[in-house]
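Okay, so here's the structure we're looking at.
We did not get these values from a lab; they are worked out from the coordinates using the rules stated. Values in this document were obtained by computation on a predicted structure and should not be read as measured data. Heads up, the Cβs are rebuilt from the backbone with ideal geometry, glycines too, and the neighbour counts pull from every protein chain shown.
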Amino acid sequence: MDDRFRGLGVALVTPFRANGEVDHAALANVVEHQVVGGIDFLVVMGTTGESATLTAKEKQQVLAQVLEVVHNRVPVVLGVGGNNTAAVIESLEGFNMDGVDAILSVSPYYNKPTQEGIYQHYKAIAQASLRPVILYNVPGRTMSNITAETTLRLARDFKNIIGIKEASGNLDQIGLILKHRPPDFLVISGDDSLTLPILAMGGDGVISVVGNALPEETARLVHAAMKGDLETARTEHLRLIELIPLLFIEGNPGGIKEVLKDLGLCGNHLRLPLVPVGESTRKKLYQALADAELVKL
């Protein structure tokens with residue numbers, strides 16, 4: 001098992017200025033905040049990073065800056081996915097992969113492929129990739145599920161497919177993967193609210209959204225659970241339990257960017273079609289932070 005990707009991974013936001021440009025100063029602040037806060041690895045250019053609205057040039061610039069700030073202190077995973085298999089492979093070939101430790105590739109969205117289509121998609125990526133591949137199952141966005149059977153088939157057939165970020169919300173499905181996986185295959189939570197249950201079943205960590213703002217608290221939860229200290233993990237889980245759902249009620253990353261703004265780490269600007277959260281949600285987020293004693297009212 002590749003221990004570099006066990007524990008707390010964070011799906012990095014991409015800060016923007018009010019004029020829509022990437023805020024590179026804020027990006028450096030957020031990355032440093034997470035590394036110092038005790039994360040285990042960083043995921044760049046995922047959904048939380050608004051990769052769908054970044055140009056190819058911006059993606060290269062963001063990746064380069066993240067690698068510079070990280071400076072080999074934690075592994076870096078690059079999000080490269082899409083619903084056009086050939087285009088995903090072309091993107092892989094277009095990135096400078098120096099310093100990138102693995103790729104995270106979301107299951108094809110919109111097309112609604114069959115399980116065989118999903119298998120063939122990832123087969124092509126695995127054969128083209130020079131870095132280990134982590135599958136990403138998020139049916140709420142893709143409108144198709146990678147079944148446990150397909151995940152296990154890919155895990156057995158391709159040694160460089162090393163794990164899955166599971167955000168199906170289906171604990172029975174995740175349990176089947178955990179029960180039947182090869183011994184070196186990682187199962188990583190893709191839902192902050194399910195991190196503790198998945199770790200308790202034997203999962204290997206989380207790729208977190210809330211960790212952008214609260215890396216120390218999230219790391220304490222994850223690391224305690226992985227050591228079998230469920231009392232500490234449970235305490236941290238319950239501390240965050242009211243905050244986490246609020247991060248997503250108006251879409252991701254609107255919620256986490258609002259929290260980052262409250263903590264003074266970056267602005268809450270997003271690129272259309274996403275917009276900042278409304279005033280009601282903003283107040284609820286701030287109250288949840290205060291209730292968890294993370295900010296002072």
Completion exercise
1/(1 + (r/R0)^6) with r = Cβ-Cβ of Glu293 and Met97, R0 = 35 Å, i.e. FRET efficiency to nearest 0.05, evaluates to 0.25
Fill in the blank from the handout: Here Rg/Rh (Cα, Kirkwood) for region 35-107 equals 0.95
Practice task
Would you please classify the overall shape of region 164-265 from the alpha carbon gyration tensor, given that a ≥ b ≥ c denote the square roots of the eigenvalues, rounded means a/c under 1.5, and beyond that prolate means a/b larger than b/c while oblate covers the rest?
Solution key: prolate
Problem - Ascending count of other beta-carbon atoms within 10 Å, so fewest first, for Asp262, Asp172 - result: Asp172, Asp262
Completion exercise
With -39,500 (n - 2.57) per DSSP H segment of 4 or more residues and division by the full residue count of the chain, the 222 nm estimate, nearest 500 deg cm²/dmol, is -13000 deg cm²/dmol
Completion exercise
Applying the gyration tensor rule to the Cα atoms of the chain (axes a ≥ b ≥ c; rounded if a/c under 1.5, else prolate if a/b exceeds b/c, else oblate), the class is oblate
Exercise for the section: With a Förster radius of 45 Å, plug the Cβ-Cβ distance of Thr53 and Leu230 into 1/(1 + (r/R0)^6) and report the FRET value to the nearest 0.05. Expected result: 0.70
Completion exercise
Quick calc of log₁₀ I(q)/I(0), region 116-171, Debye, one scatterer on every Cα, no solvent, q values 0.15, 0.29 1/Å, result -0.39, -1.30
Practice task
Go through region 162-250 and name the trypsin sites (Lys or Arg not before Pro) that are in a DSSP coil and have 10 or fewer other Cβ atoms within 10 Å of their Cβ.
Solution key: Lys227
Fill in the blank from the handout: Put in order of increasing Cβ neighbours within 10 Å, starting from the fewest, Lys261, Lys112, Lys123, Lys59 give Lys112, Lys123, Lys261, Lys59
Practice task
Using R₀ = 51 Å, calculate the FRET efficiency as 1/(1 + (r/R₀)^6) where r is the Cβ-Cβ separation of Glu216 and Gln120; round to 0.05.
Solution key: 0.75
Exercise for the section: Return a single number: how many Lys pairs in the chain, at a sequence separation of 8 or more or on separate chains, have alpha-carbon atoms below 21 angstrom apart. Expected result: 17
